[in-house]
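Asker: Input: one structure, supplied below.
The values are calculated or read from the model by the stated rules, or taken from the named source; none is laboratory data. On a predicted model such as this, the values are computed, not experimentally measured, just so you know. So basically every Cβ, Gly included, is an ideal-geometry build from the backbone, and we count neighbours across all protein chains shown. Surface accessibility is based on the protein's heavy atoms, side chains included, excluding ligands, DNA and RNA. Shrake-Rupley method; radii C 1.70, N 1.55, O 1.52, S 1.80 Å.
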Amino acid sequence: ASNWSGTSWSGYITGEADVYVYKPYKKSNSNYKAIPIYYTDNYFEYGHTKISPTNTKVSCPMTTLLPYQVNLNISCQSTNGATSSKYITRVEIANAENAQAICTNATFDLTNGTMTPTKSHAAPWPKSAEIALSYEKTSSVYFNSLIPIKFSDGEVKVNITLNNSANMNTEVIPVTLPSTSWEYGKQYNYNITVKYTRTDVTISVSDVYV
């Protein structure tokens, strides 16, 4: 963590006062109890100290929050030697129907160091991909977020979009994730298996490992 230093506060305050420090600066903020946070933020630092009119210098220890990473390791497997003209072109993490687990923004309270996600039927976190089912290999798709979440079985899903290069048809296959929590600075890995025949595609997901 880094330290912030200030200078004399004489003439600005008449007694002891609290100072809250954070970065990066969010221009839209007007309340130190509700700093806006977005899931795409790369980091957030905050700190607290006290000052008095006689201080000539103060230091403020900072706490750094780093995003967590969710890795989807997608393995394509043929059944009975089948071939496929299908490609995975999009992978997204999303709320299941009527769920509000995945959040794209939150507010941070500098006074107690807590983040409150904004619960909503938020838009999914998408990633473009180009994974041919016939390649028979494992490809990884990564997601980062600064907003910690906790969800139950069935609340969060992975939508996998398949395009068929033979007839240009598109289909979206959802698979739900098991319950867990995603927390600051950690990495979460899911093994997703895509099995296909000449006519069907089935998708399964393993439990998370950190």
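Asker: Please enumerate the residues belonging to the range 150-173 that are open to solvent by 20 Å² or more (accessible area, probe 1.4 Å), touching a residue at least 12 places away in the same chain (Cβ under 8 Å) and of a type in the set (A, V, I, L, M).
Answerer: Ala166, Val172, Ile173
Asker: Within the range 15-30, take every residue that is surrounded by fewer than 10 Cβ atoms within 10 Å (Cβ to Cβ) and more than 22 Å from Leu66 (Cα to Cα) and give me the one that is modelled with the highest pLDDT.
Answerer: Checking each candidate, the answer is Gly15.
Asker: Give Ile131, Ile147, Ile102 a once-over and let me know the one that is over 30 Å from Met62 (Cβ atoms) and either open to solvent by less than 70 Å² (accessible area, probe 1.4 Å) or among the acidic types (Asp, Glu) (or both). Steps first, answer last, please.
Answerer: On the way: Ile147 fails: over 30 Å from Met62 (Cβ atoms); Ile102 fails: over 30 Å from Met62 (Cβ atoms).
That would be Ile131, the only listed residue that is over 30 Å from Met62 (Cβ atoms) and either open to solvent by less than 70 Å² (accessible area, probe 1.4 Å) or among the acidic types (Asp, Glu) (or both).
Asker: OK, next. Enumerate the strands (runs of 3 or more DSSP E) found wholly within the range 47-144, keeping only those where 2 or more residues are closer than 30 Å to Ile13 by Cβ and out of contact with any Ser or Thr (no Cβ under 9 Å at 6 or more places or on another chain).
Answerer: Filter on the range 47-144 gives 58-65.
Asker: For the range 151-162, does any single residue satisfy the condition of being under 16 Å from the mean Cα position of the chain (by Cα), at pLDDT 90 or above and in a loop (DSSP other than H, G, I, E, B)?
Answerer: Looking for residues that are under 16 Å from the mean Cα position of the chain (by Cα), at pLDDT 90 or above and in a loop (DSSP other than H, G, I, E, B), one finds at least one in the range 151-162, hence yes.
Asker: Can you name the condition, by its number, that Ser84 falls short on among (1) of a type in the set (S, T, N, Q); (2) closer than 29 Å to Thr197 by Cα; (3) exposed (fewer than 12 other Cβ atoms within 10 Å of the Cβ); (4) over 20 Å from the mean Cα position of the chain (by Cα)?
Answerer: Just one mismatch for Ser84, condition (3).
Asker: Hey, among the residues in the range 49-81 that are without any contact (Cβ under 8 Å) to a residue 60 or more places away in the chain and among the small types (Gly, Ala, Ser), which one's surrounded by the most Cβ atoms within 10 Å (Cβ to Cβ)?
Answerer: Only one residue fits best here, namely Ser52.
Asker: Do we find a residue being more than 30 Å from Thr197 (Cα to Cα) and at pLDDT below 90 anywhere in the range 89-99?
Answerer: Yes, the conditions are met somewhere in the range 89-99.
Asker: Ok, one more. Restrict the check to the range 193-204 and report whether at least one residue is part of a strand (DSSP E or B), touching a helix residue (DSSP H, G or I) at 6+ places or on another chain (Cβ under 8 Å) and not hydroxyl-bearing (Ser, Thr, Tyr).
Answerer: Yes, the range 193-204 contains at least one residue that is part of a strand (DSSP E or B), touching a helix residue (DSSP H, G or I) at 6+ places or on another chain (Cβ under 8 Å) and not hydroxyl-bearing (Ser, Thr, Tyr).
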